[in-house]
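Quick one: this structure, given as structure tokens, is what I'll be asking you about.
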Amino acid sequence: MQRRDFLKKSGKALALAAITGGVGFAFHNREFSTGAGLYRFDKRFDVAADRSLPGITLAKTEEYENGLNRALDALGGIKRFVKPGEKVTIKPNIGWDRKPEQAADTNPRLVGEMVRLCLTAGASEVIVTDIPCNDARRTFIRSGIKEAAEKNGAKVILPAEEDYVKVDLGGKLLTTWPVLKYFVETDRFINMPIAKQHSLSGCTISMKNLYGILGGRRNQLHQKIDQAIVDLVAFVRPTLTIVDCTRVLMRNGPQGGSLTDVKIDNSIICTTDLVAADARAVEFLNLKPEKVSHIVLAEKSGLGKIDYRSIGYKEI
Amino acid sequence: MTIKTVRNFRRLSQVLFFLIFFWLILKTNFEVNFSPGSGKEIILPYPVSIALQFSPLAALGTLLSSWTIFKGLLWSLVILIPTIFLGRFFCGWICPMGSLNHWISEIPSERLKRKGANKIQSNRYKKYQRIKYYILFFFLGAALLGSLQIGLLDPLALLARSIGTVVLPTLHTGAAGFLNWIKSFGVPQIVIPFQFVYDLLSPIFLTFRQAHFHTILTIGIFFILILLLNRVFTRFWCRGICPLGALLGLFSRFAIFGLEKDESGCDNCQLCLLHCQGADNPDIGSRWRQAECHVCLNCQAACPNSSLKFKFFPEQKVSRTNPAPTQKIDITRRKLAASIVSGLAVVPLLRSGDAFEVNSNPRLVRPPGARPESDFLAKCIRCGQCMRVCPNNALHPTFMEAGLEGMWSPILIARIGYCEPTCTLCGQVCPTGAIEELTVKEKVGDEKTAANCIGTAFIDRGRCLPWAMGRPCIVCEEWCPTTPKAIYLKEETVINQKGEEVKVKQPYVEPDLCTGCGACEYACPVINKAAIYITSIGESRSDKNQIILESKKTSANS
């Protein structure tokens, strides 16, 4: 072998050894990254309290749009909650493949009107979305919400697998969970539940509605449903909560199906206090809020008032 | 019009029909925008399974096995009747599986074996080509006794099944995985163009929800094997295996269109053989076989001396060096009879086992509207369209759940997806009527009609949280879509491990109300093996497989 060849070959072998060793050291003990890291959530959706205004309003009317406007105006009007240029996410309950009259999903007329109000207040973008139980393509259409929201100018998003971010919810039970990104990458969060019976938590209204922001193994949260609900309320703190009590699902909740399970109450609740909202709305379900454990736990955790009259209750 | 132009038309036709076929499979997908209030049925906008109904093999097979021809299968006459006059034009001009084999065969090879003299030799008629007739008669024999197996090898069903359950889901996993890998670099400048392309193409090629199919490995390996064999023999599948090709070969017996060989100009260059697709001996000096010819016209286009011509009523100038063509198929009567008899014999062989009716797999839950099992097996061609269209990824190809006889027929696996109560898409796409088309009313039931049931749910009390572990749950009850709910709860006080009394709501199933949709099994939080599961008992299609004595109730008397 020539000296030149010897040097060349040895050089190449050394270089390869160096690269191999280098890569080994560089990746040694490196934490395996799954692509998406933890999403840093440091926003607040809620607005400052205003003692001069009522804390919770209820409109009783068959004209839903009008009722929503009046209840909201009594609370300070949409401009108090949505500032020009802000991005708003509306979260109705779009859980099930049911028609509006079956009262399993939020009434589309209310969602449509809320979209319109946000845009008139100058919102840069209004997103309407939810993580449904049944197939999103069906639930969004059958509930009438896609049509109503789009007609009023909202962007309706059917959640896709790649739309989740991992967020530290900082709760007692809920720590790191996948959350649909539209619920955290936004400036305002408007919670629009419908009042329904639920066999485990008693009712599913404004607080339980927040389950819908979570992906992952959320069915397992039922094992500690009260704490899960409270953790979610503490994490999200929605800007505004509007409870659809126009039709209330009394039995076979939360998806119903039969019109005989539906009671017509023609009421719309507006508030910034989710505990008060649920405390008022369970009355339509013939329940006492003190008997509903997650409402009680939420009050104990300082998230709101069961005695909704104490924060200023106004019927319109 | 020169012969080269006609050949280009044939190439165009192959591409066109392949694209149509592929497009129809892409469109076998729930992407309809229905009107929410009207209460009208959700109907797919295109007749997505129509391509499968053009298969005369599917029509003849179902005719023999069930003595009916499903309405759409009459389209197959559009292929069959012209074949009687023209020969196997379908194989050379239309069949998407044939085109795929054609293209893969024609990719230039580095191997000497597939070049020059070797290729000419391999393109001569070979004895193995008669295997397809044995397969055809074997399957027709089995069909006569009510077991439809032609779907395993019908090229249209095979291609639809392979694309729908293997190729497209693999593409989905691959594309999403690749994009995730790109994203993991965390450099937006790199991610943006890839994300753009992904967002552009994913609505066309990928489903709303990534589908994961049971047992696709067997389907995938089978499909890849067929494609790979083209690298050994040109169009091995079409020449040697395809039972549809065999059927069309039989029907070209009296074709009036064929190859006319003129010995006078031939200089024995054998370019005709070099380009032959069907291995039907187009060269002068050997016997042309009408039944093997795909009418691709390559031989005529390749011939430098105009010695070969396809025409109506071809004249044959027979001489010692130019033997007469034949329209007969190369199979003896005795072997034909043997094929049919083996086909007949295989049915009792399969059914004397226990998989069919005697001890059928309890987890064999068929799609809603499926015909009774014996009729179902007489009609299902395993095209996989129901699996592809199912919006919840609930339907899957079986492996051995329905016995060897029912391999790749649909099974509902509720752990992966449940049957959506208001969805009737699988019945809409079934090309042979193995799954009947239900209306939403027939499926969900009302005051007069009982709901269509596919099974019944059972609780595994050893795994159920409230039953076995004293912890609250009720998710199955929450998800139960019937009204009133088939799952009901009873509050019980149980003692937990610490000796404390805890109140839990324990679920029960009312078999009278349960439709077996599997929403409970799908949603059950006991992840790896659900604590509530469905089995096929109680299915509407069976008289025997029932659990309760009286007939199922309608919502009027429940």
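Quick note: the coordinates plus some simple rules give every number you see, no bench work behind them. The shown structure was predicted, so the numbers you read here are calculated from the model rather than taken from an experiment. All Cβ positions, glycine included, derive from the backbone under ideal geometry; neighbour counts span all protein chains shown.
What's the extension gain from B:ASN180 to B:GLU315 if we count 0.36 nm per residue and subtract their Cα-Cα distance? Show your work: numbers first, answer last.
Values: separation 135, 0.36 × 135 = 48.60 nm, distance 6.41 nm.
Gain in length upon complete extension: 42.2 nm.
Beyond a 28 Å Cα-Cα separation, which of these cross-linked pairs lie in this structure: A:LYS291/B:LYS490; A:LYS60/A:LYS91; A:LYS263/B:LYS529?
Beyond 28 Å between Cα atoms: A:LYS263/B:LYS529.
Right, next: To check you understand DSSP bridge types, tell me what percent of the beta bridges within the protein assembly as shown (both residues inside) are antiparallel, rounded to 5.
In the protein assembly as shown, DSSP labels about 65 percent of beta bridges as antiparallel.
Give me the one-decimal nm value for the distance between modelled label points at B:THR449 and A:ILE19, 7 Å along each residue's Cα-to-Cβ direction.
Result for the modelled spin labels: 6.8 nm.
Around B:LEU489, what is the net charge, scoring Lys/Arg as +1 and Asp/Glu as -1 over all other residues with Cβ under 12 Å from its Cβ?
The answer is -1.
Taking R0 as 45 Å, what's the FRET efficiency between A:GLU63 and B:LYS505 from their Cβ-Cβ distance, rounded to 0.05?
0.70
Sequence-distant or interchain residues sharing an amide H contact under 5 Å with A:GLU315, placed H: which?
Those qualifying (amide H under 5 Å, at least 5 residues apart or on another chain) are A:LEU58.
Calculate how steeply helix B:168-183 sits against the longest principal axis of the alpha-carbon atoms of chain B, using the helix alpha-carbon long axis, and give the answer as 0 to 90 degrees to the nearest 10.
70
Another question, if that's okay. What is the fewest-to-most order of B:TRP237, B:TRP103, B:TRP408 by other Cβ atoms lying within 10 Å of their Cβ?
Working: B:TRP237 24, B:TRP103 15, B:TRP408 27.
Ordered from fewest to most neighbouring Cβ atoms within 10 Å, B:TRP237, B:TRP103, B:TRP408 come out as B:TRP103, B:TRP237, B:TRP408.
If you don't mind, there's one more thing I want to ask. Explain nothing, just compute: Karplus ³J(HN,Hα) = 6.51 cos²θ - 1.76 cosθ + 1.60, θ = phi - 60°, for every residue of region A:244-253 in order, whole Hz, x for Gly and Pro.
7, 10, 5, 10, 10, 7, 7, 9, 6, x
Let me ask you something else. Could you work out how far apart the two model spin labels at B:LEU63 and B:GLU437 are, taking each label as a point 7 Å from the Cα in the direction of the beta carbon, and quote it in nm?
It works out to 2.3 nm between the two label points.
Tilt of helix B:3-26 relative to the longest C-alpha principal axis of chain B, in degrees (0 to 90, nearest 10)?
Taking the Cα atoms of chain B, the angle to B:3-26 is about 10 degrees.
Express in whole angstrom the spacing between the alpha-carbon centres of region B:423-502 and region A:144-174.
27
Same structure, new question: Mean separation of Cα pairs under 8 Å and 6+ residues apart, divided by the residue count of chain B: what relative contact order is that in percent? Write down the numbers at each step before the final one.
Details: 1082 pairs, mean separation 89.5, N = 558.
Once divided by the residue count of chain B, the mean separation gives 16 percent.
Considering amide H positions built from the backbone, and no H for Pro or chain starts, which residues 5 or more places from A:MET207, or on another chain, come under 5 Å of its amide H?
Here nothing satisfies the definition.
Under the Karplus relation 6.51 cos²θ - 1.76 cosθ + 1.60, θ = phi - 60°, what is the ordered set of whole-Hz ³J(HN,Hα) values for region A:151-161, x standing for Gly and Pro?
Taking θ as phi minus 60°, the curve returns 4, 8, x, 8, 9, 9, 10, 8, x, 10, 4 Hz for region A:151-161.
What does DSSP give for chain B in terms of the percent of beta bridges that are antiparallel, rounded to the nearest 5?
Rounded to the nearest five, the antiparallel share is 95 percent.
Among B:GLY455, B:PRO511, B:ILE20, flag the residue with its Cα farthest along the positive direction of the charge dipole of chain B, charges on Cβ as +1 for Lys/Arg and -1 for Asp/Glu.
The one lying farthest along the dipole's positive direction is B:ILE20.
Averaging sequence separations of C-alpha pairs under 8 Å and six or more residues apart, then dividing by the length of region B:45-169, give the relative contact order as a whole percent.
Reported as a whole number, the value is 32 percent.
Still on this model: Could you run the Debye sum over the Cα atoms of region A:170-254, one equal point scatterer each and no solvent, and tell me log10 of I(q)/I(0) at q = 0.23, 0.27 Å⁻¹, two decimals?
-1.23, -1.45
Continuing with the same structure: With r defined as the distance between the Cβ atoms of A:ALA49 and B:LYS335 and R0 fixed at 60 Å, what FRET efficiency is calculated, to the nearest 0.05?
FRET efficiency, A:ALA49 to B:LYS335: 0.05.
May I pose another question? How big is the charge dipole of the protein assembly as shown about its Cα centre, in debye rounded to the nearest 20, if each Lys and Arg gets +1 on its Cβ and each Asp and Glu gets -1 on its Cβ?
Taking the Cα centre of the protein assembly as shown as origin, the dipole is about 3500 debye.
I'd like to compare A:96-107, A:195-206: which one has the highest average count of other Cβ atoms within 10 Å, and what's the full order after that?
A:195-206, A:96-107
Shifting gears a bit: To the nearest 20 debye, what charge dipole does region A:1-91 have about its Cα centre, counting +1 at the Cβ of each Lys and Arg and -1 at the Cβ of each Asp and Glu?
Result for region A:1-91 is approximately 960 debye, rounded to the nearest 20.
Between A:ASP42 and B:ARG11, how many nm apart are label points set 7 Å from Cα along the C-beta direction?
Using points 7 Å along Cα→Cβ, the separation is 6.3 nm.
Further, regarding this structure: For chain B, what does -39500 (n - 2.57) per DSSP helix run (n ≥ 4), summed and divided by total residues, give at 222 nm, in deg cm²/dmol to the nearest 500?
Only helices count here, giving -10500 deg cm²/dmol.
Rounding to the nearest 20 debye, state how big the charge dipole of region B:188-309 is about its Cα centre with +1 on each Lys and Arg Cβ and -1 on each Asp and Glu Cβ. Don't skip to the answer; put the middle values down first.
Values: 9 positive and 8 negative charges, 78 e Å.
Dipole about the Cα centre, nearest 20: 380 debye.
What net charge is computed for the residues neighbouring A:GLU299, neighbours being all others with C-beta under 12 Å from the C-beta of A:GLU299, Lys and Arg scored +1, Asp and Glu -1?
Residues close to A:GLU299 contribute a combined charge of -3.
At what distance in angstrom do the alpha carbon centres of region B:229-263 and region B:70-134 lie from each other?
6
With both partners inside chain A, how many of the DSSP beta bridges are antiparallel, as a percent to the nearest 5?
The answer is about 50 percent antiparallel.
I'd like the Karplus ³J(HN,Hα) series for region B:225-230: coefficients 6.51, -1.76, 1.60, θ = phi - 60°, whole numbers in Hz, and an x wherever there's a Gly or Pro.
These are the phi-based 3J(HN,Hα) values: 4, 4, 5, 5, 4, 4 Hz.
Right, here's the next one. With n ≥ 4 as the cut-off for DSSP H runs, can you work out [θ] at 222 nm for chain A, using -39500 (n - 2.57) per run divided by the number of residues, rounded to the nearest 500?
Using -39500 (n - 2.57) per qualifying helix, the result is -9000 deg cm²/dmol.
OK, next. How far, in nm, would the chain grow between B:SER35 and B:LEU225 when pulled straight, counting 0.36 nm per residue and subtracting the alpha carbon separation?
Gain on stretching B:SER35 to B:LEU225: 63.9 nm.
Measure out, as a whole number of angstrom, how far apart the alpha-carbon centroids of region B:16-50 and region B:159-197 sit.
Value for the Cα centre distance between the two parts: 24 Å.
Once you've got the GNM for chain A with C-alpha springs shorter than 10 Å, pick whichever of A:GLU147, A:GLU299, A:GLU162 has the biggest mean-square fluctuation.
Largest GNM mean-square fluctuation: A:GLU162.
OK, next. So if each residue of separation counts as 0.36 nm, and I subtract the Cα-Cα distance between B:ASP199 and B:ASP354, what length gain in nm does that give?
Full extension of this stretch gives 50.9 nm more.
By average Cβ neighbour count within 10 Å, what is the ranking of B:58-67, A:134-143, B:350-359 from highest down? Write out the running numbers ahead of the final one.
Values: B:58-67: 22.1, A:134-143: 24.3, B:350-359: 13.9.
Answer by packing, highest mean first, reads A:134-143, B:58-67, B:350-359.
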